[in-house]
Structure formats: structure tokens, C-alpha cells
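K.L.:
One structure is given below, represented as C-alpha cells, and several questions about it will come after.
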Amino acid sequence: MKKFDKDRLILGFAGPVLALVVAFVLTTLVLLASGTNPVEPYRLMFEQASYSDVQVLIINQAGTYYLAALAVAVGFRMNLFNIGVDGQYRLAAMMAALVGASVDLPGPLQILLIVVVAMLVGAFWAGIAGFLKTTRGVSEVVATIMLNSIATALIAWLILPKNFGDQAAGSNNLTTGKIPESGWFPGLSMGVEAGEIYGFTFVAAACGLVYWFVLNRTRFGFDLRATGASESAAQASGVSAKKMVLTSMLISGAVAGLAGLPTLLGDTHTYSLDFPTGIGFTGITIALLGRNNPLGIALSALLIAFLDKASSALDQFGYEKEIATIMQGLIVISVVVSYELVRRYATRRQQQKVGEELAAGHALTTEKEAAL
Amino acid sequence: MRRITRIATVGVMSAALALSVTACGESSSSSSSDTSSDSKGGKTAIAYDIGGRGDQSFNDAAYAGLHRAEKDLGVKGTEAEPSEGESDADKVQRLTSLARAGNNPVIGVGFAYAPAIEKVAAKFPKTTFGIIDDSSVTGDNIANIVFNEEQGSYLAGVAAAKVTKTKKVGFIGGVETPLIKKFQAGFEQGVKDTDASVNVLPQYLTQPPDFTGFAKPDLGKAAAQGQLDKGADVVYSAAGLAGTGAIEAVSKAGKWNIGVDSDQYKQEGLKAYKESILTSVTKDVEDSVLNLIKSIKDGKPQSGEVRYGLDKDGVGLSVSNPAFTKMTEVIAAVDKAKKGIVDGTITVKTTP
């Protein structure tokens, strides 16, 4: 039993490691082919990552990515592809910022209100896709992609000064107004130079624990995984697949709603035109790389955040920062390929093992029979 | 058993996380801190807006200013580009490390830098920070460089209304932000004041936060095609790099273009279509950047709002296309409108 676990662990790590090595080699080839020094960019990136302020940026970004990736992973476990995390978190952050800016409650209540609003909005937006899937059979992939665009348009309309937006005098930006200080989530200061780690990053980590517990230690989690593995089998054992689809979409959306909050509560305190975008799509990469495992996702989130932040200063040294983008793209491709390779290898190995055990077991029984 | 290993790994993981934070050394800025004094000509840094250099427009104009400062004033320039979808925290980090490296001034191109400049400027009182297109954040060491885009666009409207034969002119805005709406407002007012029977067909390529409307020429091309199909024969595109697609489509149809920000008739990348570029609404980002750098070198750093309007030729209408200068009647109308705006008899709206 113990040996089997070790095997599983090694195989579990083999996939991502193989993918990273392949991506690294391919990126180096790209660098060579484009006639750039293939070593210097990496050195610069590691040098950047050794600075405390960049480290804080990486941790903060990883927290944001982690939440987005968890949202995607909840869907993946249920065999649902929620591409709409991007729209869900943006709409959620915007509505939460609006509500937060128009209400002034004492500290914890204000934060709680903002968090609850964000989760509800995220869940609602994802729930539309879930509802369409369960009632009309619309593919959640198509529905969530479209809902992303609708969210963009809706936000652009809501944030107009004639609706709910606010344009400060002399500014060319539109905001939702500032959340009062009671709604600022305290962070962990790392010194004046380094800045502070958003308090919500720790909430993100806690969400990872909850995710692990719910999926692996509750009946609901079992139902969810069972339905994801085989809808018909789950149905046969008394799980309502439709209910599970809708519920997991709602949960996925609620978690997605949290993804904008580290930035909103810890830094900007308002939703403006330049609020970070694209986190939901990065979340898909991270969930894939982390194999939907809370720990794997955490490591992948850190990795992608590292690539993002460490590369951002490359252009100041005369290198293209798009190197990191190329690397991220290559990671996604190699992840898919290497996981498939590892899976095939594992299946073959298992078959071999079972074959051996059967052969051995058979020999044993015949001996016993002989003894009889 | 399995539970224990899981818990152990979680423990290791969180320890690693904690380590990576506490074991960190110095910050990116402290390592490269020759804050004390500048190199001979001084050091200047520019942090670009989305799109970066090569957008044939806004960012390139800022670069042109820096380039001239390097050549004429002997300053050493550093450039930094943003990543797509980044947050304010990234901008703060970028500006901080640029300021700490001894750059003065540090210039943020575009309104998105405003919150970051406000934070960083307070930390470096001896460094001047320039921000283009924003006057909402203020400080002794912040120079707010703003333009009256609506005034230049008004003149373009006058020219368009005079030139159009179909009585339909197009306006293509990159992203529907308050800034681009200033271009639309001025243009529409200019058209209507000149000839009320001319219709303006306004169209925006994308809605924020989708800023690809400044970056994707294919979007501009499709939009221009649509306006041509509706009968427009003059198209004014205020869409950064996406505008080049519009210029291509309009040029192929044999209609008139009005360019934006730089004098696009003279631009190398648009050489093939230059005959169709009637004029461009210029926004002299180049000189504004140069002036700011120069003011620091002269020991009189700019501070507060530095406004560039029609009166100071900070915005205007370019006259490099001979086909345009030959239209004496149009030129006369434009000049009259310009005079009206400068002496205050015409006030141009900033919102459509």
C-alpha cells in the first residue's frame, strides 16, 4: 500500500516537471532562434525575483491567481469548463466596489458585505450558464465565453458617469468611487521598501484548505467528483446530475467572485477602467498545471506569478518581456502533452503490475490446491 | 497515512511560502540606488501606456520626445512597458524602481498611471513625476501634462464637413473612454457648426477594460469598412495602432482619412496610404515630454497642470498633405475656426 502511494506521488510530480523542462528547453530554443542571449534573460529574472518588493508582488499576484484557479478547478472536477471566470470576477469586483463605496459600516461588517456581494454576483453570473446548461442543454463553454463579453459591456455601461460611475475632475479614468477605510482589508507589512502582502492572500490560502476538505472529506465533494467522473453512474447511484451541475457552477462562480478582491480590498479600493483583466484565463492555465489539486495549484500560481513579475523589468535591460508569455504558452501545451504521456505510462505500469500479481496469485492458489 | 503526508506537504508548502518572503534580501530599488546624483546629462525614464512603443501614435510620440532629449540635451533615457492586465501595484513597483535608479523626471504615459504616480511621488519628493492625460492627482513634484484634444478635433470636424460630398463622415474611437470621447465631442461639434446637414457616424472599437481597440488594426479596418458602406467619405480615426487598419481600408476605397496624435501623413509605416491622409489632429506629446525634461535640466521643474491647447500649438491640424493645402476654402474655414477657439468666441465641448 505504502509503495503504491509513493509511485503515485512520483507519477504525480512527473507530469508537471516534464512539462516545465520541455517548456524551458523550447523557450531557450526560441531565444536562440531569435538571436538573443539564451542565458541572460533567465539570470535577470532570477535576480528580479530575489528583490523583496518583487517577491511581495509575486505573492500578491499568486493569491489572486490562486482564487481564480480554484474557481476553474471546481468546475474541472465536475467535468465543467468554466471559461467565464474572467467575466465573473470582473463583474463581481465592480458590483462589490459599488456597494462598498455607497455603504459605510463598521470595519469587519463592511468587508464581510463586500465579500458576500462579490460571491453572490460571481455565483449569479456563473449560475446563468449553469441554468442554461441544465434546462436547455447549452454547453457551458459557449455560454460562459459569451457571458464574458456581456459582462464587459455591462460593466462599461454601469461605470458611465451618468449611471453609477464617477469621473474625478481632471481625470480621464472612470471609477466606482472609493470604498471607505473601514472596508480596507489590512495587509501584512514587509517593510517600507517591500510593500505589504494583501491580507486577502491569506484568505485565498484558507480557501484552498476549504476546497480540499469539501472535495475530499464531504459527501457533497464525493458526489461532485463522482458526477464528474461519470454522470450516468452517479445518476444510477442516486445523485441528481442536474443539481450537481448547477451547484458546482454556482460554487465556481462564487469563488471566481473572490478573485478580484485581493486587489480591490488591499490596494485600489475602487474599481476603475484599468482594473486588472485576464486573471480568469490565467486561472485556467494554473488549474491545468496544478492538476486541480489545491497544493499543485498553489505551486503553479506561484510559478506563473513569478514568470509575470520577474519578466516585467526585462525590457529595461533590452530584452523582450514577451519571453515569459511565450514560456507560459509553451507550459500549457507541454502540460497537456506530458500529462497524457504520464497517464499512458501509469496505465501500462498498472496493467503490468496487476498482470504480475495475478500471475503470482494464481501460482499461489494452485500451490494451495496442490497442498489440498 | 495519506492524510499525514498531505498535512505534511501542506506544512512544508506554507513554510516555503513564509521563507520566500522573509528570506528575501534587498528590494529591487535599494540595489541600484545611485540616488545621489545624476549622470552628466541627467537620467530620464518613461513608462509607456498599453501598446508600448511602435503604436505609430501616442506612445511613439512620447518616445520621440525622449529621443530628442537624448540627442539634444544629452540625457540618458530608460523605457519601461506595462504588461497587459496588470494592476496598480505593478505600476507602483515600476515607477519606484525607476525613481530609485536616479531618473528625474519619471514620466507616466497615460491616465492609468495616476494612482501609482500619486503614491510614488509622495515617497520621492526630490524627483519630478510627469503624467500625461491626467490632472486629478496633484503634488509639488507632479507635472500634469494635459491637452485640449477637443479643440484639434473641432478643426478636423470643420475640415471634414467642408470636404465631404456624401454629407456623411465617420468617427472611429479606439476604446470608449472619457479621453476618446473628447475627440468625438470636438469633432461632432466642428462638423455641426460648419454644416448642420452633415451626419457623423460615431463608432467605438471596444469597451474598457478591453483596450485592444487601441491595438488591433483589423478592428479598425472592419469598422472603417462599415462606415464606408454606409456612405461616409471622410473617416477620422482616434484609435492608436488600430487606426492604421482604418486608414488602410479608407485609402483603398479612395476616400479621405483624418489621422490622429502624430502627423500621420509623414509616418514611415503609413507611407503607402499617405495620399489619402488629408490631415491629422496632432497632439504634441513629443514636445511636451521634451519641455518637461528640459525644465528639469534648467533647474525649473514643471509642476502642476501644464496645459497644451490650440493657442500654444499643443494640439492642431497638420498641413503636410499638399492636396489639403490646395483646398484654400477649407483651409480658410479651419483658420477662422482656430481663431475663434483661441480668442474664446468658440467654446468646444469635452463630452459628446
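The values are calculated or read from the model by the stated rules, or taken from the named source; none is laboratory data. Note that the structure is predicted; figures quoted are calculated from it, not measured. In this analysis, Cβ positions are derived from the backbone assuming ideal geometry, glycine residues included, and neighbour counts consider all displayed protein chains.
K.L.:
Only one of B:306, B:260 is within 14 Å of chain A (Cβ to nearest Cβ), touching a residue at least 12 places away in the same chain (Cβ under 8 Å) and outside any helix (DSSP H, G or I). Can you tell me which?
P.N.:
B:306
K.L.:
Scan (1) in a helix (DSSP H, G or I); (2) farther than 23 Å from residue A:10 by Cβ; (3) modelled with pLDDT under 90 for the single condition residue A:274 breaks and write down its number.
P.N.:
All conditions pass for residue A:274, except number (1).
K.L.:
From the set of residues in segment A:231-272 that are hydrophobic (A, V, I, L, M, F, W, C) and free of Cβ contacts under 8 Å to residues at least 12 places away in the same chain, which is nearest to residue A:168 (Cα to Cα)?
P.N.:
The residue in question is A:234.
K.L.:
Could we say that residue A:173 is at the interface with chain B (Cβ under 8 Å from one of its Cβ atoms) and part of a loop (DSSP other than H, G, I, E, B) here?
P.N.:
yes
K.L.:
Go through B:304, B:269 for me and flag whichever is surrounded by fewer than 18 Cβ atoms within 10 Å (Cβ to Cβ), modelled with pLDDT under 90 and not acidic (Asp, Glu).
P.N.:
So the residue among B:304, B:269 that is surrounded by fewer than 18 Cβ atoms within 10 Å (Cβ to Cβ), modelled with pLDDT under 90 and not acidic (Asp, Glu) is B:269.
K.L.:
What's the number of the condition residue A:104 fails, among (1) surrounded by fewer than 21 Cβ atoms within 10 Å (Cβ to Cβ); (2) modelled with pLDDT of 95 or more?
P.N.:
Result: residue A:104 fails condition (2) only.
K.L.:
Separate question: Among the listed residues A:281, A:317, which satisfies the condition of being surrounded by fewer than 23 Cβ atoms within 10 Å (Cβ to Cβ) and within 12 Å of the chain's Cα centre (by Cα)?
P.N.:
Unique residue meeting the criteria: A:281.
K.L.:
Same structure, new question: Can you tell me which residue is farthest from residue A:62 (Cα to Cα) among those in segment A:185-196 that are more than 7 Å from chain B (Cβ to nearest Cβ) and not small (Gly, Ala, Ser)?
P.N.:
The qualifying residue farthest from residue A:62 (Cα to Cα) is A:192.
K.L.:
Mind counting the residues in segment B:78-102 that are among the aliphatic types (A, V, I, L, M), surrounded by 24 or more Cβ atoms within 10 Å (Cβ to Cβ), within 24 Å of residue A:261 (Cα to Cα) and in contact (Cβ under 8 Å) with a residue 12 or more places away in the chain?
P.N.:
Summing the residues that are among the aliphatic types (A, V, I, L, M), surrounded by 24 or more Cβ atoms within 10 Å (Cβ to Cβ), within 24 Å of residue A:261 (Cα to Cα) and in contact (Cβ under 8 Å) with a residue 12 or more places away in the chain in segment B:78-102 gives 1.
K.L.:
A further question follows. Of the numbered conditions (1) within 19 Å of the chain's Cα centre (by Cα); (2) modelled with pLDDT of 90 or more; (3) closer than 23 Å to residue B:158 by Cα, residue B:277 fails exactly one; give the number of that condition.
P.N.:
(1)
K.L.:
A further question follows. Taking segment A:38-75, which residues are free of Cβ contacts under 8 Å to residues at least 40 places away in the same chain and away from chain B (no Cβ under 11 Å)?
P.N.:
A:38, A:39, A:42, A:43
K.L.:
Let me ask something additional. For segment A:69-126, which residues satisfy the criterion of being under 19 Å from residue A:176 (Cα atoms) and among the polar types (S, T, N, Q)?
P.N.:
A:88, A:102, A:110
K.L.:
For the structure I just gave you, tell me whether residue B:251 is within 20 Å of residue B:271 (Cα to Cα), touching a residue at least 24 places away in the same chain (Cβ under 8 Å) and buried (at least 24 other Cβ atoms within 10 Å of the Cβ).
P.N.:
For residue B:251, the condition - within 20 Å of residue B:271 (Cα to Cα), touching a residue at least 24 places away in the same chain (Cβ under 8 Å) and buried (at least 24 other Cβ atoms within 10 Å of the Cβ) - is not met.
K.L.:
Condition first: outside any helix (DSSP H, G or I) and within 27 Å of residue B:129 (Cα to Cα). Now tell me which residues in segment B:264-292 satisfy that.
P.N.:
B:281, B:282, B:283, B:284
K.L.:
Only one of (1) buried (at least 22 other Cβ atoms within 10 Å of the Cβ); (2) touching a residue at least 60 places away in the same chain (Cβ under 8 Å) fails for residue B:321. Which number is that?
P.N.:
All conditions pass for residue B:321, except number (2).
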